[in-house]
Amino acid sequence: MRNLEHAVVYEIYIKSFMDSDGDGIGDLLGIYEKLPYLKELGVDYIWITPFYESPLKDFGYDVSNYKKIDPRLGDFKILKDLIKKAEDFGIGIMLDMVFNHSSTEHEWFKKAMEGDEKYRNYYIFKEGKNGTYPTNWISKFGGPAWKKVEGKENEYYLHLFHETQGDLNWENVELREEIFDIMKFWMDLGVKGFRFDVINLISKPEIFKDSTTDDGRHFYTDGPKIHEYLKELNSKTFGLDNSILTVGEMSSTSIEDSIKYSNKEEKELSMVFTFHHLKVDYENGDKWTKMPFDFLKLKEILSTWQIKMSKGRGWNAQFLSNHDQPRQVSRFGSDDKYHLESGKMLATAYFLLRGTPYIYQGEEIGMTNAYFKNIEDYKDVESLNYYEILKKEGLEEKEILEILSLKSRDNARTPMQWDNTKNFGFSKKEPWISNGNGKKVTVVDNLKDENSILNYYKKLIELRHEDDVLAYGNYEELLIGHEKIYAYKRSYNNKNIYVVLNFYGENILKSDEGIKKLKEILSLEKILGNYEKNNNDINNNNNNNEEIGLRPYECLVLKEYE
Ligand code: TEU
């Protein structure tokens, strides 16, 4: 298996990838059937979102039995075949482990509710204060982070996410042992990696207090014992097998902590997902707004992380999309006129940074936001909660639907568009969530067209596999503060790669100060780009005097070595 510097990971949101048995829900056998597609694409690992037993209140991120497979999604025989076949194709399977919380349907939680002391200590129960919640913390899905225990006068349990996702008590060594045992159970099946859901939230503070500054997150984000817990998890489970790749989903983390999480010497994780660069379209930190993305801020955040993580020898997972984020081409590019160009440009922007690139299913064919028109189309608990919250705040229905159509997690969860048959070849039955009104791009059409986004992704993947500059090189930003161009240089052993990206749908002229500064770089050998003809041919045939430096959403990758 390729090392993390050269590898490319593909994320599969199982419920929406491929339905093999016609029940409208994607499943493990569906993934098995599509392995040849993934091999052809060239990815090294696939991360599969949770398929364990679950009441599906948060679509699998609410696990009710960590050692059982949801029968709607498959069984152990299919999983073993999938692991084996993937291995034959040189692809490692990564599992998604949700250990910050369990479903309240989990046997542990049920026993805790029955008053069993052993299991009460697996969760976080606290007494209320002054007739209300123990603290004023807010859940990530909106509303209070505490739920009153029925039948008890003044007792609450903590749920940082949905009220059916009770937070686990990592302070308790017995709980930690259970988790190590679950890890070993899955490792024994031969999986090659793990993604840990919101893992930097597991260490809660010693004293639970009201927050006067935020929703409570500063008390438990990168909490007091987080590094201790991760070191223990590493040494007792996946650290026993050097070949296993791990990635932690780090909610609102700091660079300092992220270095610790992912510096090899710390023996915690292989890499981290961080989200600061995706909050650039949150107005004053509020996701549920309609602000266009702040390009300068995006560049600044990416560069700061690149430089500081490199200095501390940490390692980032690189991504613009996942199952919780709107589609990148709709969010940062153009999903109509320059769909093809911006789809390729955005991929280039993040793929060639220092870190391991993660593709989210459908991104490689340029899938767009769902553009749902009715609230009934939405399935996601966060979207439905916020629909109610925004209504209570007095927003008009139309306004709320507009915000959801930009920000909802369901934008990423519409079924994978395989072909032009019914339901895009995803299922024989009506899918659990509709495809909505997004662009009708498909895998078959992408495969047919040499110039497609998909075929461009293949080239990017090959480049990551082969090129040491991209794998090990330094990062330097060029044209800092330029309002339209993002340009960076990667260098390693006296070899340089330059990445030049026009983030907007207009030409940038040769007279532009940025283009002037890049003059020599732009004349280097091009190894990849998203326009067929090169610029000079266009300019030679151009009758007007204004010569073009970069076309709409144009990206160029240039090299300075043999
Ligand atoms: O997500 C964690 C998380 O906090 C966000 O990505 C969240 O969805 C977003 O900030 C809301 O605006 C992880 C999983 O990826 C997500 O699907 C789960 O719902 C969540 O944890 C709880 O397990």
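Taking amide H as placed 1.01 Å from N in the peptide plane, the amide H of residue 102 sits under 5 Å from that of 166, 168, each at least 5 places away or on another chain.
Test of understanding: ordering 467, 62, 88 by Cβ neighbours within 10 Å, fewest first, what list do you get?
With the sparsest Cβ surroundings first, the list reads 88, 467, 62.
For region 1-144, the share of alpha carbon pairs falling in successive 10 Å distance bins from zero is 11, 32, 28, 18, 10, 2, 0 percent. Note on 173, 43: ascending count of other Cβ atoms within 10 Å places them as 173, 43, the fewest first. Computed across region 400-471, the Kirkwood hydrodynamic radius from all distinct Cα-Cα pairs reaches 14.6 Å. Distance between the pseudo-spin-label points of residue 562 and residue 87 (7 Å out from Cα toward the beta carbon): 4.2 nm. Which entries in the list 299/379; 15/184; 484/559; 440/533; 225/264; 209/297 go over 30 Å, if you measure between the two C-alpha atoms of each? From 299/379; 15/184; 484/559; 440/533; 225/264; 209/297, over 30 Å: 299/379; 209/297.
Judged by the ratio a/c of the largest to the smallest principal axis of the C-alpha gyration tensor, region 101-150 counts as oblate, that ratio being 1.5 or greater while a/b is no larger than b/c. Using equal-weight Cα scatterers in the Debye expression, the normalised intensity of region 429-523 in log10 at q = 0.20 Å⁻¹ is -1.08. Cβ-Cβ distance of residue 402 and residue 267, R₀ of 41 Å, FRET efficiency by 1/(1 + (r/R0)^6): the value works out to about 0.30.
With all pairs of different C-alpha atoms in the average, the Kirkwood value for the hydrodynamic radius of the chain is 24.6 Å.
Rg/Rh for region 34-98 (Cα atoms only, Rh after Kirkwood) is 1.01. Helix-only arithmetic for the chain: the sum of -39500 (n - 2.57) across DSSP H runs with n ≥ 4, divided by the residue total, places the mean residue ellipticity at 222 nm at -8500 deg cm²/dmol. The equivalent ellipsoid that matches the C-alpha gyration tensor of region 359-453 spans semi-axes of 29, 14, 10 angstrom, in descending order. A quarter of the convex hull surface defined by the alpha-carbon atoms of region 304-417 gives 8.6 nm² as the mean projection. For region 175-191, the Karplus equation 6.51 cos²θ - 1.76 cosθ + 1.60, evaluated at θ = phi - 60°, returns couplings of 5, 4, 4, 4, 5, 4, 5, 4, 4, 5, 4, 7, 4, 4, 7, x, 6 Hz by residue, with Gly and Pro reported as x.
Gyration tensor analysis over the Cα atoms of region 126-282 returns equivalent ellipsoid semi-axes of 30, 19, 13 Å (largest first, whole Å). Take every Cα pair under 8 Å whose residues are at least 6 apart in sequence, average their separation, divide by the length of region 33-181, and the relative contact order is 19 percent.
Using only alpha carbons, region 211-353 has a radius of gyration to Kirkwood radius ratio (Rg to Rh) of 1.01. Dividing the radius of gyration of the alpha carbons in region 250-309 by their Kirkwood radius gives 1.05 for Rg/Rh.
What's log10 of I(q)/I(0) for region 452-494 at q = 0.34 Å⁻¹, Debye sum over Cα points only, no solvent? Those come out to -1.01, one per q.
Remark: relative contact order (the chain) = 13 percent; criterion is Cα-Cα distance under 8 angstrom and separation of 6 or more residues. Based on the Stokes-Einstein relation at 4 °C and a viscosity of 1.567 mPa s, and on the Kirkwood radius from alpha carbon pairs, region 300-339 is assigned a translational diffusion coefficient of 107 µm²/s. From least to most packed, judged by other beta carbons within 10 angstrom and beginning with the fewest, 277, 6 follow the order 6, 277. Report, as a whole number in µm² per second, the diffusion coefficient that Stokes-Einstein gives for region 404-562 at 25 °C and 0.890 mPa s using the Kirkwood radius over alpha carbon pairs. The estimated diffusion coefficient comes to 132 µm²/s.
A short reminder: the numbers here are calculations on the coordinates, not readings from a lab. Everything numeric here is computed off the predicted structure, so don't read it as measured data. In this analysis, Cβ positions are derived from the backbone assuming ideal geometry, glycine residues included, and neighbour counts consider all displayed protein chains.
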